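**Student:** Below: one structure in structure tokens.
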Amino acid sequence: MGEHLIALRDVSLGYRGVPVLTGVSFAIERGDFVALVGPNGAGKTTLLRGMLGLVPTLAGRIEWGFDRLASPPGYVPQRDSLDPIFPLTAYEVVLMGTYASLPPLRPIGARRRHLAADCLERVGLAALARRPYWELSGGQKQRVLIARALAAEPHMLFLDEPTAGVDREAEAAIIALIAEQNQQHGMTVALVSHHLGRIQSAVRSVITVDEGRVEKLVAAGLAPDAGDELAPWRRGVQRA
Amino acid sequence: MSTLATILSPDFLLRDALVGSVLVGFICPLVGVYFILRRMIFLGVALPQVSAAGIAFTFMVYRLFVGPHPEAAVGERMLGLIGSGVFTIAATLSLALMERSGRERIEARIGATYALAAAVTILFLAKDPHGDAEIVGLLKGDILATTSASLSTMTAVFGAVLIALIVFQRQLLLVSFDRDLAIVFGRHVMLWDIVLYLLIGAVISLGVMSAGPLATFGFLVIPPLTMRLVSARMISFVLGSALLGGVTAFGGFYCAYRYDLPLAPAEVALASALLLAVGTFTGVRRALERWQAA
């Protein structure tokens, strides 16, 4: 068994004391690429946000395999959750990722500025650094948010539907980028998606979230002919 | 030209008022940008009114229980400042704490706060046994009555706010732009909200005492709205708003002095005219760009 970066032990998550998911137990190992799949409203985003501490843990416990306050995880939110009223360039958005390990009163410094520029380059957007973030296409914005997550120098990346609302070409580029972080840089990834679809070839494990149940169906090596239980997610079936 | 030379002369009779006016015009937009970015513009209307209610309340209580306060005494402004500060900060913190709870939208609470503050201001004045033109003048914010002592207070408080905004800028931007990311990074978002609201409260309290609710609201909101139309970066948005506020305050003062106009309406009218001009210019430019691209 590999080293756990995060482990949920009989966890219940919910809002205002009302549980949405109960009895959730699984672990994500270092170097894993986990897809959280399930129909709309099943609780995938709640599960991801719960792991990040954005949704209250009502019961059970979440254990981290690293000091998450000293080295916070990288987080890529749904891009529509950000308000376009903020006048920020792509570079300024990425620079925000370097605040992760920066004490409140310390200046940003040259190293972090270079890190932000490097992360933009890693996602192929160095040429757009000075462009206003809100003028970028959906796919470009998503890559900027991935660069911002990488700028936190995290042990683990959490992404909430990173390919939602982008065209097929941009979707392929984003998936390739995330897969590269996992395969070449050893980054542990947890990603929410409606269905396996194009990410199937990249992911190593799948966690299904459906009707309040959470199951880690495939522990490692997701082959195209993996268990029948994955068939609905592979086909992208959206159950009501 | 001679009016400008008079105003800029070191011996100008209203020099303290001019400097005070420009200070309010410069500092209000620096906190006002957060009203725009957090989409809480109505707060810019409500808080100056709450501040005015605090001034009226303090004077009413003082006069009911202590007696008439010597007119135009230095302590009078301090009394008003205490009332204004306590009311504004209490209201700001209450709204901040309620922001994330309850079923109704934050706009509804701000609207109710404004209505209540306006009503109790009048009631406090009605119950003030010595309520007269002097207190009304304080509520309107008589910048022309600025003394060197009050100017020193303004410089000290606004200077402290300016330093805090510069030092905390990164944290305030993070919790305003992406609250979730701030939480993931382990930041105490409520603490940073409180810091921001305290700074806002300090600026509004002193702004209302010095320049009145109208000028304070105008400078909180209009320069940032203008600069948002032309800014692509935070630094130009924030600094541009402050500079525009300072320049508008000076221009408004010039117009008021030159044409014998009330100061606050002159400043707000000038700031609004600039907003209209910049809005028209950017609108036409974008329409032309779309037309050329088509």
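**Student:** Condition check: within 11 Å of another protein chain (Cβ to nearest Cβ) and surrounded by fewer than 17 Cβ atoms within 10 Å (Cβ to Cβ). Does A:PRO154 satisfy that?
**Tutor:** On the way: within 11 Å of another protein chain (Cβ to nearest Cβ): yes; surrounded by fewer than 17 Cβ atoms within 10 Å (Cβ to Cβ): no.
No; evaluated as a whole, the condition is false for this residue.
**Student:** Residues of the range B:212-237 being in contact (Cβ under 8 Å) with a residue 24 or more places away in the chain and surrounded by fewer than 24 Cβ atoms within 10 Å (Cβ to Cβ), which ones?
**Tutor:** B:LEU214, B:LEU225, B:ARG228, B:LEU229, B:VAL230, B:MET234, B:PHE237
**Student:** Among the residues of the range A:28-84, how many are away from chain B (no Cβ under 14 Å), surrounded by fewer than 19 Cβ atoms within 10 Å (Cβ to Cβ) and hydrophobic (A, V, I, L, M, F, W, C)? First the steps, then the outcome.
**Tutor:** Initial filter on the range A:28-84 (away from chain B (no Cβ under 14 Å)): A:28-44, A:47, A:58-61, A:63, A:65.
Going one step further and asking which of them are surrounded by fewer than 19 Cβ atoms within 10 Å (Cβ to Cβ), we end up with A:30-31, A:40-41, A:58-61, A:63, A:65.
Add one more test, that the residue is hydrophobic (A, V, I, L, M, F, W, C), and what stays is A:58-59.
So the count comes out to 2.
**Student:** Working carefully through the options B:SER241, B:SER205, find the one that is touching a Lys or Arg at 6+ places or on another chain (Cβ under 9 Å) and more than 10 Å from chain A (Cβ to nearest Cβ). Explain how you work it out, then say what you get.
**Tutor:** Details: B:SER205 fails: touching a Lys or Arg at 6+ places or on another chain (Cβ under 9 Å).
Unique residue meeting the criteria: B:SER241.
**Student:** Considering only the range B:180-201, I want to know if a residue exists there that is surrounded by fewer than 21 Cβ atoms within 10 Å (Cβ to Cβ), at pLDDT below 90, under 10 Å from the mean Cα position of the chain (by Cα) and more than 10 Å from chain A (Cβ to nearest Cβ).
**Tutor:** no
**Student:** Out of the residues in the range B:93-129 that are in contact with a Lys or Arg (Cβ under 8 Å, 6 or more places away or on another chain) and under 30 Å from B:SER150 (Cα atoms), state the one that is modelled with the highest pLDDT.
**Tutor:** So, considering only residues that are in contact with a Lys or Arg (Cβ under 8 Å, 6 or more places away or on another chain) and under 30 Å from B:SER150 (Cα atoms), the one modelled with the highest pLDDT is B:LEU95.
**Student:** Inspect all residues belonging to the range A:161-168 and state whether any of them is in contact with a Ser or Thr (Cβ under 9 Å, 6 or more places away or on another chain), over 24 Å from A:HIS114 (Cβ atoms) and surrounded by fewer than 17 Cβ atoms within 10 Å (Cβ to Cβ).
**Tutor:** Quick first cut of the range A:161-168, residues in contact with a Ser or Thr (Cβ under 9 Å, 6 or more places away or on another chain) only: A:161-164, A:166-167.
Filter once more, so that each one left must be over 24 Å from A:HIS114 (Cβ atoms): A:161-164, A:166-167.
Okay, now just the ones that are also surrounded by fewer than 17 Cβ atoms within 10 Å (Cβ to Cβ), so A:164, A:167.
Taking every residue of the range A:161-168 in turn, at least one turns out to be in contact with a Ser or Thr (Cβ under 9 Å, 6 or more places away or on another chain), over 24 Å from A:HIS114 (Cβ atoms) and surrounded by fewer than 17 Cβ atoms within 10 Å (Cβ to Cβ).
**Student:** Given the structure, is A:PRO84 more than 21 Å from A:MET156 (Cβ to Cβ), in contact (Cβ under 8 Å) with a residue 24 or more places away in the chain and not hydroxyl-bearing (Ser, Thr, Tyr)? Spell out how you get there, then give the answer.
**Tutor:** Details: more than 21 Å from A:MET156 (Cβ to Cβ): yes; in contact (Cβ under 8 Å) with a residue 24 or more places away in the chain: yes; not hydroxyl-bearing (Ser, Thr, Tyr): yes.
Answer is yes for this residue.
**Student:** Taking B:ALA256 as the residue in question, decide whether it is within 16 Å of the chain's Cα centre (by Cα) and of a type in the set (A, V, I, L, M, F, W, C). Step through it out loud before you land on a result.
**Tutor:** On the way: within 16 Å of the chain's Cα centre (by Cα): no; of a type in the set (A, V, I, L, M, F, W, C): yes.
For B:ALA256, the condition - within 16 Å of the chain's Cα centre (by Cα) and of a type in the set (A, V, I, L, M, F, W, C) - is not met.
**Student:** For a quick check of your reading of the model, give me the residue pairs whose first member lies in the range A:162-174 and is of a type in the set (S, T, N, Q), whose second is surrounded by 14 or more Cβ atoms within 10 Å (Cβ to Cβ), with beta-carbon atoms closer than 8 Å and at least 6 apart or on different chains.
**Tutor:** A:THR163/A:GLN142; A:THR163/A:ALA170; A:THR163/A:GLU171; A:THR163/A:ILE174; A:THR163/A:ILE175; A:THR163/A:SER193; A:THR163/A:ARG198; A:THR163/A:ILE199
**Student:** Something else about it: Any residue in the range B:141-159 that is of a type outside the set (D, E, K, R), crowded, with 18+ Cβ neighbours inside 10 Å and at positive phi?
**Tutor:** yes
**Student:** Same structure, new question: Just to be sure I understand, how many residues within the range A:96-134 are in contact with a strand residue (DSSP E or B) (Cβ under 9 Å, 6 or more places away or on another chain), modelled with pLDDT of 90 or more and within 14 Å of B:PHE185 (Cβ to Cβ)?
**Tutor:** Counting residues in the range A:96-134 that are in contact with a strand residue (DSSP E or B) (Cβ under 9 Å, 6 or more places away or on another chain), modelled with pLDDT of 90 or more and within 14 Å of B:PHE185 (Cβ to Cβ) gives 1.
**Student:** Identify all residues within the range B:203-249 that are in contact with a Gly (Cβ under 7 Å, 6 or more places away or on another chain) and among the aliphatic types (A, V, I, L, M); write none if there are none.
**Tutor:** Residues satisfying the conditions are B:VAL208, B:MET209, B:ALA211, B:ALA215, B:LEU220, B:VAL221, B:MET227, B:LEU229, B:ALA249.
**Student:** Same structure, new question: Could you check how many residues of the range B:267-283 are buried (at least 20 other Cβ atoms within 10 Å of the Cβ) and without any contact (Cβ under 8 Å) to a residue 24 or more places away in the chain?
**Tutor:** Qualifying residue count, the range B:267-283: 1.
The values are calculated or read from the model by the stated rules, or taken from the named source; none is laboratory data. No experiment lies behind these values; they were computed from the predicted model shown. Note that we place each Cβ from the backbone using ideal geometry, even for glycine, and neighbour counts take in every protein chain shown.
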